[in-house]
Amino acid sequence: MSTIITGLGSGLDINSLVSQLVAVKESSLVTPLEDKLSTLEKKSSALTTLKSKFSSLQTALQTFTKAMYNTSSDMWTNTTITSSNDSYATATSSGGVSAANIELFIEQIATATTAKSVNSLGATSKEALENTKFVNLANGQAKEGTFSMFLDGKEYSIEIDKEDTLKDVMNKISDVSGGKITASLDDNGNFSISSAEGTNLFLGSSGDTSNLASAFKLLDKQGANNYTSSYPLSAVNTSAKMNSAESGLSGLKFYNEDGSEATSGKIIINGEEIEVNGDMSINDLVSKINGNSKTKVKASYDSLTNKISLTSTQTGESNISLSSEGTNLLNVLGLTQGEGENEIIAQGSQELGQNAIVHINGNKVVSNSNTITGESSGIPNLSITVKKPTSDYSGNNEDVKSVTLDIQPDHTKIKESLEAFVTAYNDVVSNIKTMTDSEGDIGRDSSLNSILSQLRSITSMVSENDGIYSMLSQIGISSDKEDVSKLTIDTDKLDEALSENLESVKLLLSDGYTSKDDNGLFDSLVSTVNNVLDTEKGYFTTQSESVQSLIKNMNTRIERANERLLSYETRITKQFNKMDSTIAALNSQLSTFMSYIG
């Protein structure tokens, strides 16, 4: 902006005069160009919007034309399958399944194989258990602290130290009560706390800090004067390192091929190798097995029975394969016996799963899975899931001797796709009409009107195909009564056509389904739309390029016009400044002259 003298000499508001003159010049020089640019930008935006409408129509049409070529598509083969009792069996289809009623008699369902330690881990002699530290018992969950007992209402308390053995704890119980309360351990590892006949014994108080009663499973009282553990005690500590004395495991070895001592080895479960070492705990081992899906098992440790279990993630009558390399860990866990080439599954350690046995329409089918596929049943594309035996086999109280699967065609997806087509088509028609009228953002456009004419012609044309339908109106798709340029659906007529002549509906929409000639009505529509959207020579490509070129040119013209406007403003500012200076000089001379003649 030029420097402006604000009329000090002339008394004129030069700022205002310059601004008014520049505004007049701008309205004739720049504003018309900006108006043209705005019109072009609106046209560009309208073309983008209309292109998206054609893309939606293209997608809706391709739902049908692609499905015609893709025989794996289930739009035309969808079925509704209803089970007479979902708690026994359900079914799904993945392709063409004929309408039918299928009767199922479920003899047995498939179960998974389980491998379990043949004996409780950490099972030791009575003497060894008595000499085990109290805090290492009950899988390392026994806690030191105060433990209370009440005999005929009188309280006796002991303090259990973390260095105390089980024998120490037993002696403390006897000592504190003067022998009135005794603790004992039998040869099977069952622990008891009792008092004399005729007395009343209670264990524990809310102020105790030791969990002796719960850790040793002594909460199930046996008579008034006796508490006996629900399960034998074990010296296993699942959190301790397996090669440590605290773990309760014994005889664990790791060795090299030459027999020398090693620090790690491998266990192989169903062919999947898992590296193990003595620094791992049983908890670590369980986590590592469960973290590897390739083993096809889930591991768990039962702290009540002190056994480790491997349950197959697959059902059926098959063993869990187990072997070792460089360690006898599976032997120690009671899952195998023997080492090296002589290692075999421990006798009695695996409970085999069972196969499912189902009678389908009278035909006996055996499957290793509870999901019976067409491969097993002989019914292609049908998958049956059985959940429990029917009453003739299970002897349950429900009077469910069989389950019936009712299979019927499901045309929901076809109807939804046709509705999507009609919506997309009508959206294209509405936008073309709105954008090309006298006040539309695109304006009169013969190319768009020609495209719209092509679309209307195809939707009303007669198709030559081998079916009984030759026009869309025959399957319920026709011109809207209120706006003949749009389409509407007669759902009753469409339902009838789909139910009675599904193949003819397919042929009307796309001959490509059978002949690959692409002469169906939707084939013609999608071909027209594809041409419109062609990225090289399509309508939107050429129009967008043209409009963007005009926008670029208009921006250049506006930039030049603004430069001319700035030049004009600078020039007239200088002129007004000069005028103001001249007037100021004349006023000064007049003032001097008047002083002479005053």
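The values are calculated or read from the model by the stated rules, or taken from the named source; none is laboratory data. Keep in mind that what you see is a predicted model, and the values were worked out from it rather than measured. Neighbour counts are summed over all protein chains in view; Cβ atoms, including those assigned to glycine, are modelled from backbone coordinates with ideal geometry.
What to note about this one:
- First in the range 151-171 and in contact (Cβ under 8 Å) with a residue 24 or more places away in the chain, second anywhere and of a type in the set (Asp, Glu) and not in a loop (DSSP other than H, G, I, E, B), Cβ under 6 Å, 6 or more apart: 166/130; 167/130
- Search result, residues across the range 72-84 that are over 12 Å from residue 506 (Cβ atoms), of a type in the set (Ser, Thr, Tyr) and either at pLDDT below 85 or assigned to a loop (DSSP other than H, G, I, E, B) (or both): 72, 84
- Of the residues in the range 354-364, at least one is at pLDDT 90 or above, in contact with a strand residue (DSSP E or B) (Cβ under 8 Å, 6 or more places away or on another chain) and closer than 20 Å to residue 79 by Cα.
- Verdict on residue 505 being assigned to a helix (DSSP H, G or I) and touching a Phe, Trp or Tyr at 6+ places or on another chain (Cβ under 7 Å): yes
- For residue 54, the criteria (1) surrounded by fewer than 18 Cβ atoms within 10 Å (Cβ to Cβ); (2) part of a helix (DSSP H, G or I) hold in every case but one, which is (1).
- Within the span defined as the range 447-467, one or more residues are among the small types (Gly, Ala, Ser), more than 25 Å from residue 540 (Cβ to Cβ), in contact with a Leu (Cβ under 6 Å, 6 or more places away or on another chain) and crowded, with 19+ Cβ neighbours inside 10 Å.
- Residue in the range 12-33 that is surrounded by the most Cβ atoms within 10 Å (Cβ to Cβ), counting only those that are aliphatic (A, V, I, L, M) and not in a helix (DSSP H, G or I): 30
- Of all residues in the range 161-175, those satisfying the criterion of being assigned to a loop (DSSP other than H, G, I, E, B) and either among the hydroxyl-bearing types (Ser, Thr, Tyr) or surrounded by 13 or more Cβ atoms within 10 Å (Cβ to Cβ) (or both) are 161, 164.
- Hits in the range 545-598 (condition: under 30 Å from residue 533 (Cα atoms) and surrounded by 15 or more Cβ atoms within 10 Å (Cβ to Cβ)): 547, 550, 551, 554
- Subset of the range 543-598 (residues that are over 60 Å from the mean Cα position of the chain (by Cα), closer than 29 Å to residue 38 by Cβ and of a type in the set (A, V, I, L, M)): 565, 566, 572
- Matching entry among 581, 591, 544 (being assigned to a helix (DSSP H, G or I) and under 27 Å from residue 58 (Cα atoms)): 544
- Figure legend. Inter-residue proximity from the range 396-411: first residues under 25 Å from residue 500 (Cβ atoms), second residues in a strand (DSSP E or B) and at pLDDT below 90, beta-carbon distance below 7 Å, spacing 6+ or different chains. Indicated pairs: 407/79; 407/100; 408/79; 409/79; 410/79.
- Residue match in the range 432-439 (condition: part of a helix (DSSP H, G or I), out of contact with any Leu (no Cβ under 9 Å at 6 or more places or on another chain) and among the charged types (D, E, K, R)): no
- Considering the conditions (1) in a strand (DSSP E or B); (2) among the β-branched types (Val, Ile, Thr); (3) surrounded by 15 or more Cβ atoms within 10 Å (Cβ to Cβ), residue 404 is excluded by exactly one of them, (3).
- Answer from 207, 198, 178 - the residue that is on the phi < 0 side of the Ramachandran plot, part of a loop (DSSP other than H, G, I, E, B) and surrounded by fewer than 12 Cβ atoms within 10 Å (Cβ to Cβ): 207
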